[in-house]
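The values are calculated or read from the model by the stated rules, or taken from the named source; none is laboratory data. Given the structure is predicted, the values throughout are model-derived calculations rather than measurements. Cβ atoms come from the backbone with ideal geometry, glycine included; neighbour counts cover every protein chain shown.
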Amino acid sequence: MNGHIMLKMFRNTTLAVALFATSQLYAAQVVDQVVAVVDSSVILKSDLDQAVDVVRQQLQQQGQTVPPEQILRKNVLDQLILRQVQVEQVKRFGIQPDPEALNNAVSAIAKQEGYSSLEAFQQHVDSTGAGRYALLREQVAEDLNVTRLRQQQVMSRIKISDRDVDNFLKSPQGQAVLGSQVRTLHVRIAPKSANTTTEEVSNVAAQVKQALNGSDDVQAIAKQFSNDKVDVQGIDMGFRALADIPADLAARVSGLEIGQTTDLIPANDGLHVLKLLERKADDKKALVNQYSTRHILIQPSEVISPEDAKQRIDQIYQRLQQGADFSELAATYSADPGSARNGGSLGWVTPGVMVPEFETVMKNTPVGQISQPFQTQYGWHILKVEDTRQVDMTNEYQRRMARQILGERQFDAEVDGWLREIRANAYVDIKDPALKDD
């Protein structure tokens, strides 16, 4: 089997195979034969056996030829080693998951399985086996760490110049992609309970993707492949401008031919796959609302406790309610030096620039009005919206979209090169001679 194809399959199956390189969440922990040593960690024969079984099933479901057993085991072991090499890099760089991101990821799993709180979800998971919730958090944390590692190490390698963007926009493909509407089918494959394993979801997702290649009836496909463990939902999205689709999804769809499907797309709520049905010209402009905004920021610090910061912002709000001048208070008290010197002015703010909490308040504050105090990761704010306007950002959007598409193209190549480098620099000792490279 071609190693590149195998690597691509491992990426597309999310956690189904890659996580076998570490302790598996719902599998019994067995002391068995070591098949490979990767720096300070080991891969067990049971890890390899389980991963081989999953890959074999997926190849069969996708209608691909399953290679001879020894070749299959060798290729799968190579990918398990690559995964563990990345985990070792995470340790080396001291990467730790952001606690909020980890809680959000686990909360998303809990929510999709019907639990309103992490406490209730933890009780449920631990009821299926002592310590399983802790193992789940460790596994989610590890995946977040590997994702962050790739972002740090690979994204920094991607260089897209203004000339690259200009050339793409002038190309037939660029003009066809950025000046079009697309009609897509969207299918989500998600677990129904905490007892549903990632490989079960991935197995169904592979079957759904194969079915989409031969049918546009997403309702029938959803009904056919949903079962007591995996939920499949599909919808015809109709015609939508690429500008109205999230940039990461638009970049995936833009490279498809009519009738083609995307690779499986991992997300917190399951696996997703899209199919391109039609494409047509679109002369719609990307009109964006901008907000002329001022703000006052009070930040907790070594000398200002969180409680003091809240008290100060409340006092400033009271003065504003009594008619005090916003610009003067911002210049005197705001902890944002860049805007404080201009009376708190942020100029014209485009959505997507500020943190979500700030943007939500900004959009919901009427012109000429002052918001109530609100908190972001930076501290406590009060903002004032002085005016709004609508601007044509078609050119800016097209250039941003072009960078996204070009970045998607470069990412796979850069990942491959980076993986080869860290694999070559890692200590790897394969114990079984039959699994070593010839």
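For the criterion of being basic (Lys, Arg) and outside any helix (DSSP H, G or I), residue 389 passes.
Test of understanding: among 269, 248, which residue is of a type in the set (Asp, Glu), surrounded by fewer than 21 Cβ atoms within 10 Å (Cβ to Cβ), within 27 Å of residue 195 (Cα to Cα) and modelled with pLDDT under 90?
Only one candidate qualifies: 269.
Among the numbered conditions (1) modelled with pLDDT of 90 or more; (2) in contact with a Pro (Cβ under 9 Å, 6 or more places away or on another chain), tell me where residue 259 comes up short. Result: residue 259 fails condition (2) only.
Within the bounds of region 294-302, is there any residue that is surrounded by 20 or more Cβ atoms within 10 Å (Cβ to Cβ) and not aliphatic (A, V, I, L, M)?
yes
Inclusion of residue 105 among residues that are among the aliphatic types (A, V, I, L, M) and either in the same structural domain as residue 239 (by TED's automatic domain parsing) or over 18 Å from the mean Cα position of the chain (by Cα) (or both) is not warranted. When 180, 171, 156 are checked against the criterion of being in contact (Cβ under 8 Å) with a residue 24 or more places away in the chain and of a type in the set (Gly, Ala, Ser), a single residue qualifies: 180.
Conditions tested, residue by residue: (1) exposed (fewer than 12 other Cβ atoms within 10 Å of the Cβ); (2) among the polar types (S, T, N, Q); (3) closer than 27 Å to residue 83 by Cβ; (4) over 16 Å from the mean Cα position of the chain (by Cα).
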residue: 144; (1), (2), (3), (4): no, no, yes, no
residue: 148; (1), (2), (3), (4): no, no, yes, no
residue: 162; (1), (2), (3), (4): yes, no, no, yes
residue: 167; (1), (2), (3), (4): no, yes, no, yes
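So, residue 66, is that one assigned by TED's automatic domain parsing to the domain that holds residue 151, surrounded by fewer than 18 Cβ atoms within 10 Å (Cβ to Cβ), more than 16 Å from residue 147 (Cα to Cα) and out of contact with any Gly (no Cβ under 9 Å at 6 or more places or on another chain) or not? When the stated conditions are applied, residue 66 passes them. Flag: residue 228 does not match the condition of being in a loop (DSSP other than H, G, I, E, B) and touching a strand residue (DSSP E or B) at 6+ places or on another chain (Cβ under 9 Å).
For residue 134, the stated conditions do not hold, so it cannot be described as surrounded by 16 or more Cβ atoms within 10 Å (Cβ to Cβ), at pLDDT 80 or above and in the same structural domain as residue 93 (by TED's automatic domain parsing).
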